[in-house]
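Single-structure report; data block below.
The values are calculated or read from the model by the stated rules, or taken from the named source; none is laboratory data. Keep in mind that this is a model prediction, so the values were computed, not measured. Cβ placement follows ideal geometry from the backbone for every residue including glycine, while neighbour counts extend to all protein chains displayed.
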Amino acid sequence: MLAIIGASGKLGGATLKALLAHNLLPKDQIVCCTSSKPGSDTWTSLEKQGVQVRHASFDDKASLEKALTRCDKFFLVSTPKIDMDYNDAPHGEGREKHHFTAIDAAQAAGVKHIYYSSLAFQNPSKSCVMQAHIRTEAYLAKLQNIDYTVLREGLYNESWPLYASYYDLKDDQRSEVRVGGDSLISWTAISDLGLASALVIVAPSSEYAAKTFYLSATQGARTINQVLEKVSAVRSKKVSTKIVSREELENYYVRDIKLSEPAAKWWAATYDALRDQECLINDPTLEKLLATKGQKPKPVEETIEEMLRA
């Protein structure tokens, strides 16, 4: 059986949807782990899809171990609790704390193969957002008597507003968007990541065991400024990037975007990584996987138009 934690989220949800839509696994062989309680909207929406639903919390190893009972594969979707990373969290206290707990629980429950959703930055990386992933990747690499696979999932097409300094889809009046750096980014649609991840997970374990690779579109990479050119065309209003210093960006985030100082510092470091083209990926794995289902990656321009016209 396969267990998924985060199946009600974006990547986990897309992976579950792909598993069911393409009949990659029988429904009764899929276990969705959620911190929600029975009867909640999240629990009910998962249950209606015909899969097993079990309670599990990153803060409770015992609940995770119980939820993973009789599961031989585990898709560990990274925790969304980004505030755990703030203020240069020491090793074991950032988001990796949740991941370590889940990994330990999987081992105790007898899981044979862990698939981990990392992120498509380099390792090592100048970004803060990658730090917990790097620590988790290293933790997995030290495991014994259990297989693991690291999927460095591409930057979501749907996340472009975040990289465009929290662009407001409904009413952004800026003609210049301040960023700390810019370069080509291999944007990748969440639905494409879901299908590719699902195909990796259902393949024989030996095919991807002990491997780390990127799931990211290699064609149609765009800079943030090029993304905003598409935004300009859809909105008939010119908007472009303005490159500023790290300090100026942090101050801008706190003063105008109303982020906390720790959040501003954590996110602003992302642009140091972008300046080094950390998110320009040259790994054909995603395209090859999608091609087995007759699909091609969705261009970021298509996603931008959909989001702005919604």
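Annotations for the structure displayed:
For (1) of a type in the set (Phe, Trp, Tyr); (2) surrounded by 22 or more Cβ atoms within 10 Å (Cβ to Cβ); (3) under 17 Å from the mean Cα position of the chain (by Cα); (4) not in a loop (DSSP other than H, G, I, E, B), each residue gets a yes or a no:
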site	(1), (2), (3), (4)
39	no, no, no, no
84	no, no, yes, yes
90	no, no, no, no
105	no, yes, no, yes
111	no, yes, no, no
122	no, no, yes, no
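- Close pairs (7 angstrom Cβ cut-off, 6 or more residues apart or separate chains): of a type in the set (S, T, N, Q) in the stretch 256-270, surrounded by fewer than 20 Cβ atoms within 10 Å (Cβ to Cβ) anywhere: 270/129
- One residue stands out in the stretch 137-157 among those that are touching a strand residue (DSSP E or B) at 6+ places or on another chain (Cβ under 6 Å) and in a helix (DSSP H, G or I): the one that is farthest from residue 205 (Cα to Cα), namely 137.
- Cβ pairs under 6 Å, 6+ apart, first in the stretch 235-254 and on the phi < 0 side of the Ramachandran plot, second surrounded by fewer than 16 Cβ atoms within 10 Å (Cβ to Cβ) and part of a helix (DSSP H, G or I): 238/232; 239/232; 254/261
- The stretch 65-82, residues that are under 22 Å from the mean Cα position of the chain (by Cα) and more than 18 Å from residue 16 (Cβ to Cβ): 81, 82
Matching residues to (1) closer than 30 Å to residue 127 by Cβ; (2) aliphatic (A, V, I, L, M):
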site: 23; (1), (2): no, no
site: 35; (1), (2): yes, no
site: 57; (1), (2): yes, no
site: 73; (1), (2): yes, no
site: 76; (1), (2): yes, yes
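- Any hit, the stretch 98-118, residues being within 25 Å of residue 306 (Cβ to Cβ) and modelled with pLDDT of 95 or more: yes
Yes/no matrix, rows are residues, columns are (1) part of a helix (DSSP H, G or I); (2) among the aliphatic types (A, V, I, L, M); (3) touching a helix residue (DSSP H, G or I) at 6+ places or on another chain (Cβ under 8 Å):
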site	(1), (2), (3)
256	yes, no, no
262	yes, no, yes
265	yes, no, yes
271	yes, no, yes
278	no, no, no
281	no, yes, no
288	yes, no, no
293	no, no, yes
297	no, no, yes
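- Matching residues, the stretch 48-78, being in a loop (DSSP other than H, G, I, E, B) and surrounded by 20 or more Cβ atoms within 10 Å (Cβ to Cβ): 51, 56, 58, 68, 71, 78
- Filter result for residue 132 (surrounded by fewer than 18 Cβ atoms within 10 Å (Cβ to Cβ) and not in a strand (DSSP E or B)): no
- Positions within the stretch 181-209 being surrounded by fewer than 23 Cβ atoms within 10 Å (Cβ to Cβ) and in contact with a Phe, Trp or Tyr (Cβ under 7 Å, 6 or more places away or on another chain), in sequence order: 181, 190, 200
- Which listed residue is within 24 Å of the chain's Cα centre (by Cα) and farther than 30 Å from residue 19 by Cβ, from 261, 248: 261
- Residues of the stretch 14-35 that turn out to be more than 17 Å from residue 73 (Cα to Cα) and either surrounded by 19 or more Cβ atoms within 10 Å (Cβ to Cβ) or in contact (Cβ under 8 Å) with a residue 60 or more places away in the chain (or both), as a count: 3
- Flag if residue 189 is closer than 17 Å to residue 298 by Cα and in contact with a strand residue (DSSP E or B) (Cβ under 7 Å, 6 or more places away or on another chain): no
- Any hit, the stretch 80-98, residues being among the β-branched types (Val, Ile, Thr), without any contact (Cβ under 8 Å) to a residue 40 or more places away in the chain and within 30 Å of residue 246 (Cα to Cα): no
- Considering the stretch 19-37, and only residues there that are in a helix (DSSP H, G or I) and within 24 Å of residue 99 (Cα to Cα), the residue that is farthest from the chain's Cα centre (by Cα) turns out to be 29.
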